[in-house]
Amino acid sequence: MSVEHVTTVSYLPEGMPLPAPMPDGLDAPFWEGTKQHKLLVQRCKTCGSFQFGPEWICHKCRSGELSWVESSGRGKVYAFERVWHPVHKALKERGPYLIVLVELPDAGNVRMVGNLLGDPQQDVKIGDSVEVVWEDHTDVTLVQWQRI
Amino acid sequence: MTDYTIKDKVAIVGIGETRYYKAGQSPVSEFQLALEAIQKAVADAGLQVEDIDGFASYSDDRNDPVRLAAALGVPQIQFSNMHWGGGGGGVAGAVGNAAAAVVAGYAKHVVAFRALAQGQFGRFGQGHAGARVRGPMAYSMPYGLMSPAQMFAMRTQRFMYEHNISQEALCGIALASYKHAQQNPRAIMYGRPLTRESYYNSRWIVEPFHLFDCCLENDGAAAVILTTTERARDLKQKPVYLMAAAQGSGYRQWTAAHNDPDYATSNFKTLAPRLFGMAGITPKDVDVAQVYENFTGGVLMSLVEHGLCSAEEAEAFCTNGNLEWPNGGLPLNTSGGNLAEAYMHGLELVLEGVRQMRGTSTCQVKDAQVCLVAAGPMVAPVSDLLLRN
């Protein structure tokens, strides 16, 4: 049930650090999922708890039997910030940009960080509804957000 | 529980600091700065370097005790300890660990120290330069969430939303620190007062933090020496007693990608009750507070979580000069702290707490008997001290 919104341009300029899976394989399914435009969240097979980022055991019941389930990719803004001061060389001339912390109600309200696409000066309110947008790079796909 | 308390068993007997420099401007190395601060603390206590037998620090201080002890000619190391966790969460933790060693009898005179020369080793407030990032940071860094200001603005925004607190509260905290720095010749911002207007006119770093909501970045070193109450009585300075020390972190704080179940917190909720319980006092007994400011938003939350005011009262508590010496209800960060004295990663706040209890602060609170030192906010673990005279 993924929402099929894909952006062909990067929200932030080229040269920003891109994700790479952990050598121990813990988060490989998550990054494999984003490449296939699926937003996967870890869920305990024993007690049903969700957790993000992934862990080797369930934080609620300590079971090692964990699965990956797909979220609809629809969420709510839990917190946000507008960044003005660049701390990375790729951002030097970028101007302000928006970072949102999005809560996913269909995945135990786990939260994910991303950018809110569109005008960086737009008004953002906690509680605003958003949906996932896939930002494809050569070998990795980022999770971005737009208003609905 | 009473059997385990350190209450009144340990005293801070010496304090020392180098001159504080703007970031990158120290004429000497970080290691030399550490040596200078420790020797000054020893002299302040009326001890000899040979008396020092333990070292404690935090935040991965680069000046390890073996090398310090060799350079100082310390006869033997009986205790060495590094408090885990980044940021300023270990300031009071290092002092508390030193106190624990003294109470346990592991060592007699333990120095807690921090040295920083960011010109030599690079700055805190810069992003990751690599092309790839793994682990928890992979969930935030590619989106431009990479500096401490960016990590903490998000929490602050949520806290202000939950409790309907305006920018005025943050402004009030910054104004108090800058006002106090104008009395303190050690302060980097001595002679550079801040007005409400210049606060609001300063550029945004990341909303809701203006430039003046953010700590400085400096070069320098600071040190304190702890020993038993019995030994402290024979030394040069009026002893400053530890009523309580606490360190720790709440449930799943700093889990990946900002998924802490209790998010809008400075992370003192579990510590503060233990701290006041150990001391046997209440927040009302605190006469003066030194509260670590990585960013003003963390101070706001820390004041609430230590019970110094409620979240509903917080905006009034932080404004109208209430945090300012000499007339405010609770003078805060009376040396100027990390915002305006110097960023010695918060250890300068412990030194200022000791001065308040000795009666020697440049913003001396009249008849002050109890000082809170809260270190961390919004990191994990965080740590606290209660000092008395």
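The values are calculated or read from the model by the stated rules, or taken from the named source; none is laboratory data. Everything numeric in this text was worked out from a predicted model, so none of it was measured. As a convention, Cβ positions derive from the backbone with ideal geometry for all residues, glycine included, and neighbour counts pool all protein chains shown.
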Query raised in the report: What are the residues in the range A:113-127 that are of a type outside the set (D, E, K, R), outside any strand (DSSP E or B) and farther than 12 Å from residue A:82 by Cβ, if any?
Result: A:117, A:118, A:126, A:127
Report summary line: Exception for residue B:207 within (1) surrounded by 21 or more Cβ atoms within 10 Å (Cβ to Cβ); (2) within 18 Å of residue B:173 (Cβ to Cβ); (3) within 14 Å of chain A (Cβ to nearest Cβ) falls at (1)
Query - Candidate set from the range A:88-114 (those that are at the interface with chain B (Cβ under 7 Å from one of its Cβ atoms) and in contact (Cβ under 8 Å) with a residue 40 or more places away in the chain); member that is farthest from residue B:204 (Cα to Cα) - result: A:110
**Report entry** Residue within the range B:148-157 that is over 21 Å from residue A:97 (Cα atoms) and either touching a strand residue (DSSP E or B) at 6+ places or on another chain (Cβ under 9 Å) or more than 8 Å from chain A (Cβ to nearest Cβ) (or both) present
**Finding:** no
Report task. Could you check residue B:145 against (1) more than 14 Å from every other protein chain (Cβ to nearest Cβ); (2) part of a loop (DSSP other than H, G, I, E, B); (3) surrounded by 23 or more Cβ atoms within 10 Å (Cβ to Cβ) and say which number it fails? Result -> (1)
Requested in this report: Kindly check whether there is at least one residue in the range B:74-84 that is within 21 Å of residue B:291 (Cα to Cα) and away from chain A (no Cβ under 14 Å).
Outcome: yes
Query - Search result, residues across the range A:40-67 that are in a loop (DSSP other than H, G, I, E, B) and either of a type in the set (Val, Ile, Thr) or touching a residue at least 24 places away in the same chain (Cβ under 8 Å) (or both) - result: A:46, A:49, A:52, A:53, A:54, A:55, A:56, A:57
Query raised in the report: Mind checking which residues of the range B:244-270 are within 20 Å of residue B:303 (Cα to Cα), within 14 Å of another protein chain (Cβ to nearest Cβ) and in contact with a helix residue (DSSP H, G or I) (Cβ under 8 Å, 6 or more places away or on another chain)?
Result: B:263, B:264, B:265
Report summary line: Counted residues in the range A:92-101 being β-branched (Val, Ile, Thr) and within 10 Å of residue B:259 (Cα to Cα) come to 0
Query raised in the report: So, of the residues in the range B:214-229 that are touching a helix residue (DSSP H, G or I) at 6+ places or on another chain (Cβ under 9 Å) and among the polar types (S, T, N, Q), which turns out to be surrounded by the most Cβ atoms within 10 Å (Cβ to Cβ)?
Result: B:227
Query - Candidates A:70, A:131, A:81, filtered to the one that is more than 18 Å from residue B:138 (Cα to Cα), within 9 Å of chain B (Cβ to nearest Cβ) and in a strand (DSSP E or B) - result: A:81
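For the range B:316-329, indicate whether the set of residues that are acidic (Asp, Glu), under 24 Å from residue B:232 (Cα atoms) and at pLDDT 95 or above is non-empty.
Looking only at the range B:316-329, we keep the residues that are acidic (Asp, Glu), and these are B:324.
Retained after the next criterion (residues that are under 24 Å from residue B:232 (Cα atoms)): none.
Within the range B:316-329 (the criterion being acidic (Asp, Glu), under 24 Å from residue B:232 (Cα atoms) and at pLDDT 95 or above), the answer is no, since none of the residues qualifies.
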Query raised in the report: What are the residues in the range A:14-36 that are more than 8 Å from chain B (Cβ to nearest Cβ), touching a Gly at 6+ places or on another chain (Cβ under 9 Å) and within 21 Å of residue A:145 (Cβ to Cβ), if any?
Result: A:30
Query - Options B:264, B:232, B:246; residue that is over 24 Å from residue B:160 (Cα atoms), in contact with an Asp or Glu (Cβ under 7 Å, 6 or more places away or on another chain) and either surrounded by 18 or more Cβ atoms within 10 Å (Cβ to Cβ) or free of Cβ contacts under 8 Å to residues at least 40 places away in the same chain (or both) - result: B:246
Report summary line: Pairs returned, first residue in the range B:300-322 that is more than 17 Å from residue B:270 (Cα to Cα), second residue that is hydroxyl-bearing (Ser, Thr, Tyr), beta-carbon separation under 7 angstrom, 6 or more apart or interchain, are B:315/B:166
Report summary line: Of A:85, A:37, the only residue that is touching a strand residue (DSSP E or B) at 6+ places or on another chain (Cβ under 6 Å) and free of Cβ contacts under 8 Å to residues at least 12 places away in the same chain is A:85
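Just to verify a result, which residue in the range B:107-123, among those that are surrounded by fewer than 19 Cβ atoms within 10 Å (Cβ to Cβ) and assigned to a loop (DSSP other than H, G, I, E, B), is farthest from the other protein chains (Cβ to nearest Cβ)?
B:108
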